Amino acid sequence: MPTLGLPERQAVRLALAALLGVAGVGCFAPFELFWVAPLIWAGLFGLLCRSSSVREASLTGLAFGLGFFLTGVSWVYVSLSVFGGMPWWLAGIAAFLFCAVMALFPTAASAAFKRWQPVALWQQALFFAALIALADWIRGWIFSGFPWLTVGYSQSPPSPLAGFAPLLGVHGLSLLVALSGALLWRWRIGLPVLLALVATGFGFRQIAWTLPDGEPVSVALIQGNVPQEMKFRPEAFVRTLQLYRDLIAANPAQLTLLPETALPVFIDQMPTAYLEELKTLAQRQQGDIILGVLTGDGGGYFNSAVSIGSSPLQVYSKQHLVPYGEFIPPGFAWFMAYANIPMSSFSRGPDVQAPLAVAGRQVAANICYEDVFGDEIIRALPAAGILANLSNTAWFGRSLAQPQHLQIARLRAAETGRPMLRATNTGMTAIVDSRGGVSAVLPPFTTGVLTGEVRAYTGMTPYARFGNWPALVIIFATLAIAFRSSWRTETPA
């Protein structure tokens, strides 16, 4: 019977790692096979344990990362090519290089695991889980951060492990998923641990970390479904204004939200009569409208959420900008010359901004992918009782980006014990309750208004109080235990 030679075995190993990465995307929205996640990370753990060298482990991690990110964030190509106007070949190269850079994080984790691999299985599992969680955490802030597809997001509600979110946040969930997966290699150990984690998470889900505050307020979340290619065209401007005015007039509410840059001009360029009309519509319900619009102060211009209505005018300006989409990193002006991305040189808003006092409630606004950064969302707490996200994901077309973004918002709600309102241009516009469940959602790529009632919440979850620190302490303590074990193994008596 013929046997595989070394090159063939390595090729099979890399192919398996890449396929595991592709399959790992199924743990996230819209598929949400959260129960598969431990099996995915068990597969990667097994491949790394059987690697014969650090180099082989590094290639295994790279293959896994490429399969994972090229599949999971393929929408980067859509934004650059279809809507950014970049030549298809350059967009393809740019998207591949971006995913390759993201793949370096699991590559580094895999190399470190093999370099200092402990002997005992339980120590190997702890070391592996800590490295995976650490890599995701670093990816979430280095070079301004891109924490999309962090492992813990695979356990957003209704996963029972989501019960750990109010305590340890998304990075604590990453640690638990990778740990349970690694331990499954000895199922007599791993299965009881996994069941214990599930039972404990389910128990934590029964705890009311926060409490309702005041009476419900009526909300109307506007989904304009304005095509991205028409959004900034002058001939479409009047139609856009009419669309939003008509939708607001037909759906009165105490709190109305419009998407990010719903009105794609500076607010001081808006027709005064139009703004007065919107203000009057809001005052019918003694309420307010939060709309996405551009603002400027002479020293720069901002991607902002502005409130008008019964309350005084207030402004929240986006502070965490998207590289290339909203600001140009030094040395990359040549790259942007190939793309047609309007308004790509925004200024950052202040790090600390008060919640918007609207509709008798304190609302913490965030714009676009700012809700991916949990440690930034909690800055508005405990003052804010409601979270509100204004997004325009039309840039990514009919891709995985929109359901993935809603999944992220659900975990933010679970972490903070606050409801999250999402008003988006093309989807997914939703009301997320304080436990991370979706109360209502509009179909994507439709024009409509999502109406309902929402209550503000008061109180602080452990995560809202301490942020990522508890998870990081556990991660680094785990690494220290594993390093000590490895050092004792390598040091002669």
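We did not get these values from a lab; they are worked out from the coordinates using the rules stated. Quick caveat: nothing in here was measured; it's all calculated off a predicted structure. Note that each Cβ is placed from the backbone with ideal geometry, even for glycine, and that neighbours are counted across all protein chains shown.
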remark   = With +1 at each Lys and Arg Cβ and -1 at each Asp and Glu Cβ, the charge dipole magnitude of the range 212-460 around its Cα centre, to the nearest 20 debye, comes out at 340 debye
task = Specify the angular offset, from 0 to 90 degrees and rounded to the nearest 10, of the alpha carbon long axis of helix 234-250 from the longest principal axis of the alpha carbons in the chain.
result = 80 degrees
key: Phi to ³J(HN,Hα) by Karplus 6.51 cos²θ - 1.76 cosθ + 1.60 over the range 140-149, Hz, x for Gly, Pro   = x, 9, 5, 6, 6, x, 8, x, 4, 6
query = Between Ser74 and Phe202, what is the FRET efficiency for a Förster distance of 30 Å, r being their Cβ-Cβ separation, to the nearest 0.05?
reply = 0.30
request  = For the range 89-159 and the range 394-427, compute the distance between their C-alpha centroids and round to whole Å.
outcome  = 22 Å
inquiry  = How tilted is helix 121-139 with respect to the longest principal axis of the chain? Cα atoms for both, answer in degrees (0 to 90, nearest 10).
reply    = 30 degrees
query = What FRET efficiency do you get for Ala357 and Trp35 if R0 is 45 Å and r is their Cβ-Cβ distance, rounded to the nearest 0.05?
reply = 0.60
remark   = Rounded to the nearest 500, the 222 nm mean residue ellipticity computed for the chain from DSSP H runs (n ≥ 4, each -39500 (n - 2.57)) alone is -14500 deg cm²/dmol
task = Among the trypsin sites (Lys or Arg not before Pro) in the range 1-79, which ones are in a DSSP loop with at most 14 other Cβ atoms within 10 Å of the Cβ? Mind listing them?
result = Arg50
request  = Determine the gain in length on full extension of the stretch Phe96-Ile189; use 0.36 nm per residue of separation and subtract their C-alpha separation, reporting nm with one decimal.
outcome  = 29.6 nm
message = Can you work out the Karplus-derived ³J(HN,Hα) for every residue in the range 358-363? Use 6.51 cos²θ - 1.76 cosθ + 1.60 with θ = phi - 60°, whole Hz, and x for glycine or proline.
response = 9, 6, x, 10, 9, 10
query = Which FRET efficiency value, to the nearest 0.05, is calculated for Asp246 and Asp297 with the Förster distance at 25 angstrom and r the Cβ-Cβ distance?
reply = 0.20
task = On a 0 to 90° scale, report how tilted helix 37-49 is relative to the longest principal axis of the chain, with both axes built from alpha carbons and the result rounded to the nearest 10.
result = 40 degrees
query = Just how large is the dipole of the chain about the Cα centre, in debye to the nearest 20, putting +1 at every Lys and Arg Cβ and -1 at every Asp and Glu Cβ?
reply = 1360 debye
request  = Stick to Cα atoms and the Kirkwood definition of Rh, then tell me Rg/Rh for the chain.
outcome  = 1.00
